[in-house]
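Accompanying notes for the structure given below.
The values are calculated or read from the model by the stated rules, or taken from the named source; none is laboratory data. Because the structure is a prediction, the values reported are computed rather than measured. When we count neighbours, we look across all protein chains shown, and the Cβ atoms used for this are built from the backbone with ideal geometry, even at glycine.
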């Protein structure tokens, strides 16, 4: 049941805390986002630094890096995704339990970065899996990763549990399988997943 | 029943058991009722660091590895027992000495076996 924001603040001033099931549920989810323990390239070093005492990712409830996708909520694509590695990354994302989130860390994970012209580098992991937060940088500072985590927490906080705009895991109709690409003759097959990444229209004049 | 001196222990034991099992049960119930399961073939596949698993996971190890187990027992586990044996040697009774002797002799037999098998020769 929806209630007025003003009334809630007024009650809070009088020492009465009012919440909704949705807020409570999302508060629990965003406060224990467990990342998956895997690094791809140099960004992984920054990711490791973020978990250590100086930057202390534990402040946000995300310190428990799980070595198995079955126990992880969040995947940090920390570095260059080569075409050799992309099928494994997509398969690991598939094997994570719902609800799952993805942070694309650094220029390479977003677009291929400085290696975009390379024949063996995937030009952005969002061609195959849905990315929730992109962080630019080469590599991004640990503060940027923390910012991404806070952004993700805000996103989780705002997700409605019912009706339009609810996340995939609460939609019984939505499918949870993301096809794993295979090594083709010249490129990965298929080169992208049209369900998550509509191929941009190229106009040659 | 309540007059039994062990009654309070039994109560504590049941409480401890409930303390451990209740969260497990609740987690199981939560998983059954509320968890948003979206199973598919890729998700249910064997986890092998992102690679496709090849063959069966129930493989048998070669029995020849027992030699490593013997060597490990002789040179690692035996040392753990020999040290306290040596420290307490002067105050030991006959039966303790005999038990230790049997243990050491068994391992010496293993050493002789491994030696005869040629495990101790490198290159």
**Request:** Test residue B:91 against the stated conditions and say whether it is away from chain A (no Cβ under 14 Å), closer than 30 Å to residue A:181 by Cα and exposed (fewer than 11 other Cβ atoms within 10 Å of the Cβ).
**Result:** no
**Prompt:** Can you spot a residue in the stretch A:178-193 that is under 22 Å from residue A:104 (Cα atoms), away from chain B (no Cβ under 14 Å) and assigned to a helix (DSSP H, G or I)?
**Reply:** no
**Request:** Considering (1) surrounded by 19 or more Cβ atoms within 10 Å (Cβ to Cβ); (2) away from every other protein chain (no Cβ under 14 Å); (3) outside any loop (DSSP other than H, G, I, E, B), say which one residue A:92 fails and leave the rest.
**Result:** (2)
**Fill in**
Here the residues within the stretch B:24-58 that are more than 11 Å from chain A (Cβ to nearest Cβ) and either exposed (fewer than 10 other Cβ atoms within 10 Å of the Cβ) or touching a helix residue (DSSP H, G or I) at 6+ places or on another chain (Cβ under 8 Å) (or both) are B:24, B:32, B:33, B:54, B:55, B:56, B:57, B:58
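Matching residues to (1) free of Cβ contacts under 8 Å to residues at least 24 places away in the same chain; (2) assigned to a loop (DSSP other than H, G, I, E, B):
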| position | (1), (2) |
| --- | --- |
| B:2 | yes, yes |
| B:15 | yes, no |
| B:24 | yes, no |
| B:42 | yes, no |
| B:46 | yes, yes |
| B:49 | yes, yes |
| B:104 | no, no |
**Request:** Please work out if residue A:125 is within 14 Å of another protein chain (Cβ to nearest Cβ), surrounded by 17 or more Cβ atoms within 10 Å (Cβ to Cβ) and free of Cβ contacts under 8 Å to residues at least 60 places away in the same chain.
**Result:** yes
**Asked** Tell me, which residue of the stretch A:140-159 that is assigned to a loop (DSSP other than H, G, I, E, B) and either at pLDDT 90 or above or within 14 Å of chain B (Cβ to nearest Cβ) (or both) is farthest from residue B:40 (Cα to Cα)?
**Response** A:141
**Complete:** Checked the stretch A:159-205 for anything more than 30 Å from residue A:119 (Cα to Cα) and loosely packed, with under 11 Cβ neighbours inside 10 Å; matches are A:162, A:163, A:164, A:165, A:172, A:173, A:175
**Asked** If you go through the stretch A:65-80, how many residues are closer than 20 Å to residue A:188 by Cβ and within 12 Å of another protein chain (Cβ to nearest Cβ)?
**Response** 1
